[in-house]
Each structure stands twice: as C-alpha cells, then as structure tokens.
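The values are calculated or read from the model by the stated rules, or taken from the named source; none is laboratory data. These numbers were taken from a predicted model, which means no experiment stands behind them. Positions of Cβ are generated from backbone atoms using ideal geometry, with glycine treated the same way; all protein chains shown enter the neighbour counts.
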Amino acid sequence: MTSRTAMARKDKAPQKSAETADPDAERWAAVLARDRSADGAFFFSVKSTGVYCRPSCPSRRAKRENVAFHATPAAAEAAGFRPCKRCRPDEMSLVARRAEIIAAACRALEDGSDVPNLDELAKASGLSRFHFHRIFKEIVGVTTKEYALAHRRKAVRKELQRSTSVTEAIYDAGFNSSARFYANASESLGMSPKTFRRGGKNEVLTFAYGRSSLGDILVAASAKGIAAILIGDGREQLIADLEAIFPHAERVAGDRQFEKIVSDVVGLVEHPQQPVDLPLDIRGTAFQQRVWKALRDIPLGATATYTEIADRVGRPKAARAVARACATNPLAIAVPCHRVVRADGSLAGYRWGVERKSMLIAREAGSAKKPKPRG
C-alpha cells in the first residue's frame, strides 16, 4: 500500500511541474477570462479549427493543448492560421476604435476658437449623436461641452501668468469673447483673473518658521488668514516653495505675536486631538476648493480614498483630478490631504513625503482613540 502511494505521488509530480512551468500561463489565463485588456498584446490560434483570435473572443474555448500564442496577426497567418470571423483579430479592436474616435474629438475640441457642437462631432465620428455622447462621457468622464470649457480654463490659467493683459490671455486661450469667460471666472480660477495673474503682487505675506517632529515648518499669512503651511528639511527649500506659490508677494518676517500662530500650527502636528481654530486664506480653482473642503470633513483618525472624495465633490470619475488637487494643496495639516489613501488602503504620494504621511495617519489614529481634553 505504501509502495503504491509513493508511485502515485511520483507520477503526479512531473505533471504538476509541467503545468507550473508553462511559459504562457498568464496569457492562457487571459484567454480563459476573455480579458479585453489583453487585446492587442498577443493573439492565440487553435490547431483544431485553423483560426486565430483575440484574447477576448467570445467563441467556445479550445483545449489548452490545441492553443498556440502569437505576437501579431501577421505571425499567426504566417503559421497558417486564418482570422476568426467573430472577433476579427486582423482589424482594429472595438476599444481601440473608440479610443481613436474620442481622441480625434478631443483634438477638435482643443483646436481653434469655434468649438464644434455635439452633432458635428458625432457626424465626424460616424456614430449617432446618442451613441457618440455616451461613449465620450464614458471614456473622458465629462461631456464634450465640459471638456472644451475645462481645456480653455486651463489655458487661461497658463496664459494669465505670461500675457501682458487679462483680455489677451482670454482670447489666446480660445475664448471668442471675454463675456463667455467672465461668466464663469470665479469657478475657473477661484478668484478674479487679475488677482490670479498678479501671483500675489502688491500683497504682503507675513511668515515665520517653526520646528516639529516632521521637520521644519513655514507658515505664511495674508490679511485674510493663513495662506500656506509648508513642511520640509530646510528653510531654504521652504522659502523657495513659498516663492513658487506667491512669486510677486512681499514677504515680511513675523513678530512674536505671529510666532504664536506658528506654535498653534506645530500643535496641530504634535497633538492633533487638541482643537485649534486657525483662520485660513484658501486659494485655488473651484474644483480644488471643493476637494480641499471635502478633505477637511474627513474625521480625525479616519481616511478616505481618492474615489470617495471624487464622489463627495460630485465628480465620481475624477479620482486622478482629486489626486492632483491633493498634490497642489499649499496648506499642510490644516487641509489634511494626508488622510487620502489608495483604494486598497496603501499610501500614495504626498507632497511632503510618504514617510511623513504615514506618521501623521498613525498619530491621528492613536489620538482619535484618546478621550478629548476637558475645558
């Protein structure tokens, strides 16, 4: 009995090793799953039928021993196989065709001052108005009108920093009238065009440095409130960061009274459970401000994902835009972008370093469990 068992195990071992050693195991798994994301990466042929297919082909699956893999349709045809009539592997995939159509539409929306309407875009794509609109929004995440407006707003922000006048910047960005831009200027920039363009010109910022367990801290405030809280490993780096945000502002060293504000900011870092009411001068686009408001609503000791924040600001497909808003947040700690994590709970990038982000999350999690101080 023992001898038979040993022989059975011996017989099974080589078979298991051969399956594990299959160099095409991942590709075969993609074929079994009909994985559309693998389309174009490779093609597979079936010896018993003489055809070759895409990984996502809906045809009945062949036996593994009859399947071979090819890098291109040409390679499969050179091996004597003909294209499948169901998945048409010798033609552009549906995903690729849609991507090409939408890319062409985006270029049309970005070029020139006369934005094509939905009917014109649909006609150029060869699709119905309804079908084109659905695919565009599915792939891009916004409507054609929203995309065109967002592109011009982005261009205006860029032009305002280098043009000699606001009007020139508006027209250079593709708006065919200043009225169209000014109708949504506050939503586009989060402030007036002239204020945005000045980059802090004729504005006085009081600033001072502090020291925390996370490193050096620079706090800068306008007449409205704290406009920047920056963290770093040296004062030269911090002042350079401040200059990049407010290139034309006049900077004045803070007095002892202002140092009390810096001390309160350091207190946010070291003792996050202690409430500190800081007046903030939050500047950014309307979208950035919505994101930053959502970040401030995340409770102490809790985290949220980029997708969750996108849902909260009414842009469920804008997770990447949320990540960019977090990366440009100038108010560390006060606007807690460190509380945003990936969908799997892991830590993504942080403007002031992932290690600091990890320390803040751990510290806040511990503080949230402690009873709040009375009085």
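What the table below lists for this structure:
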| quantity | calculated |
| --- | --- |
| Number of positions in the stretch 359-371 that are at pLDDT 80 or above, over 19 Å from ALA228 (Cβ atoms) and out of contact with any Leu (no Cβ under 6 Å at 6 or more places or on another chain) | 6 |
| Residue that is modelled with the lowest pLDDT, among those in the stretch 269-283 that are among the aliphatic types (A, V, I, L, M) and farther than 12 Å from SER213 by Cβ | VAL276 |
| Matching option when the condition is outside the structural domain of LEU360 (by TED's automatic domain parsing) and either closer than 12 Å to ALA332 by Cα or touching a Cys at 6+ places or on another chain (Cβ under 9 Å) (or both), among ALA221, ALA228 | ALA228 |
| Positions within the stretch 246-274 being within 23 Å of LEU360 (Cα to Cα) and either free of Cβ contacts under 8 Å to residues at least 12 places away in the same chain or within 27 Å of the chain's Cα centre (by Cα) (or both), in sequence order | LYS260, GLY267, VAL269 |
| Of the criteria (1) under 28 Å from ALA150 (Cβ atoms); (2) acidic (Asp, Glu); (3) not assigned by TED's automatic domain parsing to the domain that holds LYS145, which one GLU65 fails | (1) |
| When residues of the stretch 30-51 are limited to those that are outside any loop (DSSP other than H, G, I, E, B) and of a type in the set (A, V, I, L, M), the one nearest to ASN66 (Cα to Cα) | VAL46 |
| Residue in the stretch 310-320 that is within 15 Å of the chain's Cα centre (by Cα) and modelled with pLDDT of 90 or more present | yes |
| Selection within the stretch 303-328 - assigned to a loop (DSSP other than H, G, I, E, B) and either over 20 Å from ALA150 (Cα atoms) or of a type in the set (Lys, Arg) (or both) | THR303, ARG315, LYS317 |
| Residues of the stretch 35-48 satisfying the condition of being at pLDDT below 95 and either polar (S, T, N, Q) or within 26 Å of the chain's Cα centre (by Cα) (or both) | ASP35, ARG36, SER37, ALA38, ASP39, GLY40, ALA41, SER48 |
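For every residue, the table says whether it meets (1) under 27 Å from ASP22 (Cβ atoms); (2) among the polar types (S, T, N, Q); (3) in a strand (DSSP E or B).
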| site | (1), (2), (3) |
| --- | --- |
| PRO55 | yes, no, no |
| SER59 | yes, yes, no |
| ALA62 | yes, no, no |
| PHE69 | yes, no, yes |
| GLU77 | yes, no, no |
| PRO89 | yes, no, no |
| GLU100 | no, no, no |
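Here's the yes/no breakdown for (1) touching a residue at least 24 places away in the same chain (Cβ under 8 Å); (2) small (Gly, Ala, Ser); (3) farther than 21 Å from GLN274 by Cα; (4) part of a loop (DSSP other than H, G, I, E, B):
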site	(1), (2), (3), (4)
PHE287	yes, no, yes, no
ILE298	yes, no, no, yes
SER346	no, yes, yes, yes
TRP352	yes, no, yes, yes
